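See structure below.
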Protein chains: 2
Amino acid sequence: MDADAKKIALRMIPYGIYVLTTDDGKGNLSAATVNWVTQASFAPPLVAVGVKADSHGRHALAVGSHFGLCMLGKDQKDVAFTFFKPTVVEGMKLSGQPYHKGTTGVPILDASIAAVEFRVSAIVEGGDHHVVIGEAVDAHVMKAPQGRPDAAILEMKDLGDSVFYGG
Amino acid sequence: MDADAKKIALRMIPYGIYVLTTDDGKGNLSAATVNWVTQASFAPPLVAVGVKADSHGRHALAVGSHFGLCMLGKDQKDVAFTFFKPTVVEGMKLSGQPYHKGTTGVPILDASIAAVEFRVSAIVEGGDHHVVIGEAVDAHVMKAPQGRPDAAILEMKDLGDSVFYGG
C-alpha cells in the first residue's frame, strides 16, 4: 500500500468536532475533543466513535456505561483546543467550561450547540483507537441551527489549514 | 428522548459521499452510495462504515472479505444519485460507470477521485445498519486534491438543501 495515497484518501473523510464526555461514577469526569464519529443505525439510533485506546474517556467506558457527545459550533475553536489537553475539573467547570449533568449523569458543556447522551452497546478493540458503539438515549439542542444542522457544526477543516486527525 | 432534538443533533454530523463496492466472488458485484464512514484507528488503519442490513453490499460481506470505498469529487453528484439505485452490471461498467478491479478484486470506479480497499476485520450487527470495520489494505488517488483532501470530496450537504441520511 502506498502510504501517501492512504493518507490522502483517508483525509478526504470530513469530520465534525465534538467533546466526548464521561463520568466513571467514582467522581472522575473526562472531556476530550474527538472527530471520528458517524451514525451507524436509525433504529435503534446508534453511533460509532473512534476513541483513543489509552485515553481517560476510553478507560471510563464499558458496555452499559454512558458517554456524551457535545457538538461544538463554528465559533468554538477555542473549546476544541481546550479539550485536546487533559481535563481540569473544578467545581461545575471542566477546564474552565461550565457544564451540567445530563439525564444519564454524563457532563454536558453548557456552551455546546447540541449534545447527545449514549449508552454503550458494544466496543471493538481493533487498534490504537477502539470503536465505541453507542445508542442515543437522550438529546438536547441548546442552540437551534438556522440552516442545515451540518452547516452549524465546527469542522476539522475550520481548525486550521494543516490540522488533520486521520490518514 | 425528544425525537426532534435527536434528529437535529445527529444531523449535525457532517458526511462525505462514497460508493461502497463489493464482489462476492461468485460474479455478483455491488456498488452503493454510502455516507456513514469514519476512520477508527491509525495503526492498523481502520474505518467503521454503517452498511444497510438488507443491502446487496452487506450480504456480500463477512469477516475476511473485502470492500472498496470510492471517494466522489465535488462535481460527481450524478454518480452519487446513480448508486442510490440498484446496480446494473454490464461488461466493465457498473450502472454506466466504468470500473477496474483493485488489488483485492473489488470494483473501483474509474471516475472516483480516490479509493481505498479494505479487508473486513469485524462486523457489529446492532440495528438496521451494521457497523462494518475494515482495515485499509490498498489505496489509490486518481485525482490529487489541490487543497485539503476533505475540501475535495462531495459532501451530503452538496446533494441538496433538504437531502439528509441521518438523524
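The values are calculated or read from the model by the stated rules, or taken from the named source; none is laboratory data. From a predicted model like this one, the values you see are computed outputs, not experimental measurements. No Cβ is skipped: glycine too gets one built from the backbone with ideal geometry, and neighbour counts run over all protein chains shown. Keep in mind that these areas ignore ligands, DNA and RNA; they rest on the heavy atoms of the full protein, side chains included. Shrake-Rupley method; radii C 1.70, N 1.55, O 1.52, S 1.80 Å.
Taking a probe of 1.4 Å, how large is the accessible area per residue of chain B, in Å²?
Value for chain B: 39 Å² per residue.
For label points placed 7 Å from Cα toward Cβ, what is the shortest-first list of nm distances from residue B:26 to its copies?
5.1
Between copies, how close do the residue B:125 label points come, placed 7 Å along Cα→Cβ, listed in nm from shortest?
Spelled out, the distances from residue B:125's label point are 2.4 nm.
Can you figure out the FRET efficiency of residue A:53 with residue B:143, using R₀ = 41 Å and their beta-carbon distance, to the nearest 0.05?
0.75
Could you pull the copy-to-copy label distances for residue B:81, with points set 7 Å along Cα to Cβ, in nm to one decimal and sorted shortest first?
Distances between equivalent label points, in nm: 4.2.
Restricting to lysine pairs 8 or more places apart or on different chains, what number in region B:1-94 have Cα atoms under 28 Å apart?
Lysine pairs satisfying the spacing and distance rule in region B:1-94 number 19.
Given just the C-alpha atoms of region A:1-123, how large is their convex hull per residue in cubic angstrom?
In region A:1-123, the Cα convex hull volume per residue is 134 Å³.
For region A:36-167, which whole percent of the accessible surface, found with a 1.4 angstrom probe, sits on carbon and sulfur atoms?
55
Give me the extension gain from residue A:119 to residue A:100: residue separation times 0.36 nm, minus the current Cα-Cα distance, reported in nm with one decimal.
Stretched out fully, the residue A:119 to residue A:100 stretch lengthens by 5.0 nm.
Which residue, A:103, A:21, A:82, tops the fluctuation ranking in a GNM of chain A built on C-alpha contacts under 10 Å?
Of the options given, A:103 has the highest mean-square fluctuation.
With a 1.4 Å probe on protein heavy atoms only, work out how much accessible surface B and A bury together, total over both chains, in Å² to the nearest 100.
5200
Need one value for A:133-139: mean number of C-beta atoms belonging to other chains within 10 Å of its residues' C-beta atoms.
Counting other chains' Cβ atoms within 10 Å and averaging over A:133-139 gives 4.
Gain in length, residue A:162 to residue A:92, computed as 0.36 nm per residue apart minus the alpha-carbon separation, to one decimal in nm?
21.8 nm
Averaged over its residues, how many other protein chain Cβ atoms are within 10 Å of peptide A:142-148's Cβ atoms?
Average neighbour count from other chains, rounded to a whole number: 3.
For peptide B:122-132, compute the average count of partner chain beta-carbon atoms within 10 Å of each residue's beta-carbon.
The shielding value for this peptide is 6.
Does region B:62-158 come out rounded, prolate or oblate by the C-alpha gyration tensor, with a ≥ b ≥ c the root eigenvalues, rounded set by a/c under 1.5 and, if not, prolate when a/b is larger than b/c and oblate if not?
It is rounded, given that a/c, with a ≥ b ≥ c, falls under 1.5.
So what is the calculated 222 nm ellipticity per residue for chain A, using -39500 (n - 2.57) for each DSSP H run with n of 4 or more, over all residues, to the nearest 500 deg cm²/dmol?
-3000 deg cm²/dmol
Taking just the alpha carbons, could you work out the radius of gyration and Dmax for region B:96-139, both in angstroms?
Cα only, region B:96-139: 12.8, 34 Å (Rg, Dmax).
So for the protein assembly as shown, considering every pair of alpha-carbon atoms, how many percent are separated by more than 33 Å?
22
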